[in-house]
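Enquirer: Mind looking over this structure? Questions follow.
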Amino acid sequence: MLAVQFDMADPAFPASLVELPDPDLPTAAWARIEVVTGGICGSDLHLFAHNTGPSPTLMTMGAFPFVLGHEIAGRVIEAGPDCPHPVGERVVLDPCIPCVARAIDPPCANCTRGWTSSCLNLDSRVVSSGRTLGFTQGLGGGWGEQVLAHSSMLHPLPDAVPDVGASLYEPLSIVCHGILRAGPVDGDPVLIVGAGVIGLAAVAAMKGLYPRCEVTVIARHRHQAEAAVACGADHVVRSDADNAHFEDLARLVGARVVGYKRDVMLMGGFPYVIEAVGAPQTVTEALRAVAYRGTVLLLGAAGVSEVDLTPVWYKEAALVGSIDHTVDAGSAPGLAGGPNRHSVDRALDVLAAGLLPSDVVVTHEFPLARYREAVETAIDRENSHAIKVVFRP
């Protein structure tokens, strides 16, 4: 099979298109998936353009090289005898490989609690070297023609979701899990910092989980602002390098701006803020915009960086982290808010309802052979106007 592998083989570009042997199913409960759509995630782009701080403590979580791509939609083309998903079924994948998928018994303490996104054996190298698909060897990936997955990782794809937009389930699931970790009060105003894919997915997730919450989005680029409106944002504010947009934010929630020159924050603010970028300046922006005793949900993959933590103690704000996908016991009043549901299934409900329209969000499609152009297009979003770039192997 053909796949894009992160291998540093070419000094000019750190990934290569390679031909790999078709991997064998690890156990009878696994399936082989023909990849129909593989998304390029912002966390993938961190490997090519260092726009957030590094995370050195995670350096031992996988092996090198690895096949890229963890936003994966496709069709089952082979199923082991213990896999209930039939050949031909359209599916999407939870890319995490926790204890059950690795046949680790007894499972770790976190998997026993149902916290599969926090599995303590993601770095065990049992079955494969990586913590999730997209960072593994021997299982394929979303930037390839095939991928292997355990039956517990597979979720049927509704007919209402077209192939081209199917990989959008993954960022949506990320957001749904985060919101169910620590959600807003129904009806409170919500601020989303960033209007890339995670930011737009956050708009859609809020409409699918807490539809009474008025959603404001901070967008850097004009095309992102237009997309946020198309995805249902109630207000969109364009960010300003000098933070003059804090005056606009203040007017929306009856707050006032304090501080000096660019170093400003809201007295008052938004009770619930979603940080959807992970860059030092946007994490700082989210903390400075949150209300007293409010919550900032950190969905951007922030690493070692310099941020202003003053609002955490001065405003007694809660900073909540979240990663990946799992079953969340909590509930919300919206159409995807039922209790004890997997975040991927919640995301598929949101997609099927048309709350994250693929014709707005998926801006570019590429074959695998044009992988370099695809990555460059996703990075250069100011000029390419890219939002979600996908491979169609």
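Enquirer: Which order do you get for Ser55, Ser16 if you rank them by accessible area with a 1.4 Å probe, largest at the top? The partial results should precede the final answer.
Expert: Details: Ser55 50, Ser16 20 Å².
Most to least solvent-accessible, the answer reads Ser55, Ser16.
Enquirer: Here's another thing I want to ask about it. Please list Thr363, Thr60 in order of solvent-accessible area, largest first, computed with a 1.4 Å probe with all protein chains present.
Expert: Numbers: Thr363 55, Thr60 100 Å².
Solvent-accessible surface, decreasing: Thr60, Thr363.
Enquirer: Based only on Cα atoms, what mean projected area does the convex hull of the stretch 212-338 have, in nm²?
Expert: Working: hull surface 34.7 nm².
Here the figure is 8.7 nm², rounded to one decimal.
Enquirer: Ordered by packing density, taken as the mean number of other Cβ atoms within 10 Å over each peptide's residues, highest first, how do 162-171, 369-378 rank? Can you show the working numbers first?
Expert: Working: 162-171: 24.7, 369-378: 18.8.
Ranking, from highest mean packing down: 162-171, 369-378.
Enquirer: As a test of understanding, state the convex hull volume per residue of the stretch 44-95 from its alpha carbons, in Å³. Walk me through the numbers before you get to the answer.
Expert: Values: hull volume 7.0 nm³, N = 52.
Expressed per residue, the convex hull around the Cα atoms of the stretch 44-95 is 135 Å³.
Enquirer: Which of Leu17, Leu287, Leu309 ends up with the largest GNM mean-square fluctuation for the chain, with Cα atoms connected below 10 Å?
Expert: The residue that fluctuates most here is Leu309.
Enquirer: Can you give the FRET efficiency to the nearest 0.05 for Thr112 and Arg251, using r as the Cβ-Cβ distance and R₀ = 30 Å?
Expert: On the way: r = 49 Å, r/R0 = 1.62.
Efficiency, from the Cβ-Cβ distance: 0.05.
Enquirer: Determine how large the accessible area of Ser239 is when every protein chain is in place; take a 1.4 Å probe and give Å² rounded to the nearest 10.
Expert: Here the residue's solvent-accessible area equals roughly 40 Å².
Enquirer: How fast does the chain diffuse by Stokes-Einstein, in µm²/s, taking the Kirkwood radius from C-alpha pairs at 37 °C and 0.692 mPa s?
Expert: Working: Rh = 21.1 Å.
This corresponds to a translational diffusion coefficient of 155 µm²/s.
Enquirer: Per-residue counts of other Cβ atoms within 10 Å, averaged by peptide: what ranking do you get for 218-227, 30-39, 67-76, highest first?
Expert: Numbers: 218-227: 20.7, 30-39: 24.7, 67-76: 26.8.
Packing proxy ranking, top to bottom: 67-76, 30-39, 218-227.
Enquirer: Taking a point 7 angstrom from the Cα of Met61 along the C-beta vector, which residues in the stretch 17-47 have backbone N less than 16 Å away?
Expert: Under cut-off, by backbone N: 41-47.
Enquirer: So, one more: May I ask for the distance between the Cα centers of the stretch 280-336 and the stretch 37-61, given as a whole number of Å?
Expert: 19 Å
Enquirer: Need one number: % antiparallel among DSSP beta bridges in the chain, to the nearest 5.
Expert: Counting only bridges with both partners in the chain, antiparallel ones make up about 60 percent.
Enquirer: Related question: Give me the angle, in degrees from 0 to 90, between the Cα long axis of helix 197-209 and the longest principal axis of the Cα atoms of the chain, rounded to the nearest 10.
Expert: Roughly 80 degrees, rounded to the nearest 10.
Enquirer: Calculate, in nm to one decimal, what Glu373 and Arg262 gain on full extension: separation in residues at 0.36 nm each, minus their alpha carbon distance.
Expert: Details: separation 111, 0.36 × 111 = 39.96 nm, distance 3.62 nm.
Separation in residues times 0.36 nm, less the Cα-Cα distance, equals 36.3 nm.
Enquirer: Take the alpha-carbon positions of the stretch 264-379, form their convex hull, and give its projected area averaged over all directions (one quarter of the hull surface) in nm².
Expert: On the way: hull surface 39.8 nm².
Taking the Cα atoms of the stretch 264-379, their convex hull projects to 9.9 nm² on average.
Enquirer: In Å, what Rg and Dmax follow from the Cα atoms of the stretch 167-214?
Expert: 10.0, 30
Enquirer: While we're on this one: Lysines near Lys315 by alpha-carbon distance under 21 Å, same-chain residues fewer than 8 away left out - which ones?
Expert: Lys261
Enquirer: In square angstrom, rounded to the nearest 10, how much accessible surface does Ile174 have for a 1.4 Å probe?
Expert: Surface open to solvent at Ile174 totals about 20 Å².
Enquirer: With θ set to phi - 60°, apply the Karplus curve 6.51 cos²θ - 1.76 cosθ + 1.60 along the stretch 117-134 and write out the HN-Hα couplings as whole Hz, x wherever there is a Gly or Pro.
Expert: These are the phi-based 3J(HN,Hα) values: 5, 10, 3, 7, 10, 5, 9, 6, 6, 6, 6, 8, 7, x, 7, 9, 4, x Hz.
Enquirer: Using modelled backbone amide H atoms (1.01 Å from N, in-plane), which distant-in-sequence or interchain residues come within less than 5 Å of Asp308's amide H?
Expert: For Asp308, whose amide H was placed from the backbone, the distant partners under 5 Å are Thr284.
Enquirer: Quick one: length gained pulling Met8 to Arg222 fully straight, 0.36 nm per residue minus the C-alpha distance?
Expert: In short, 73.6 nm is gained.
The values are calculated or read from the model by the stated rules, or taken from the named source; none is laboratory data. As the structure is a prediction and not an experimental result, all values here were calculated from the model. Ideal geometry is used to build each Cβ from the backbone, glycine not excepted, and the neighbour counts take in all protein chains shown. In case anyone asks, the SASA skips ligands and DNA or RNA and just uses the protein heavy atoms, side chains included. Shrake-Rupley method; radii C 1.70, N 1.55, O 1.52, S 1.80 Å.
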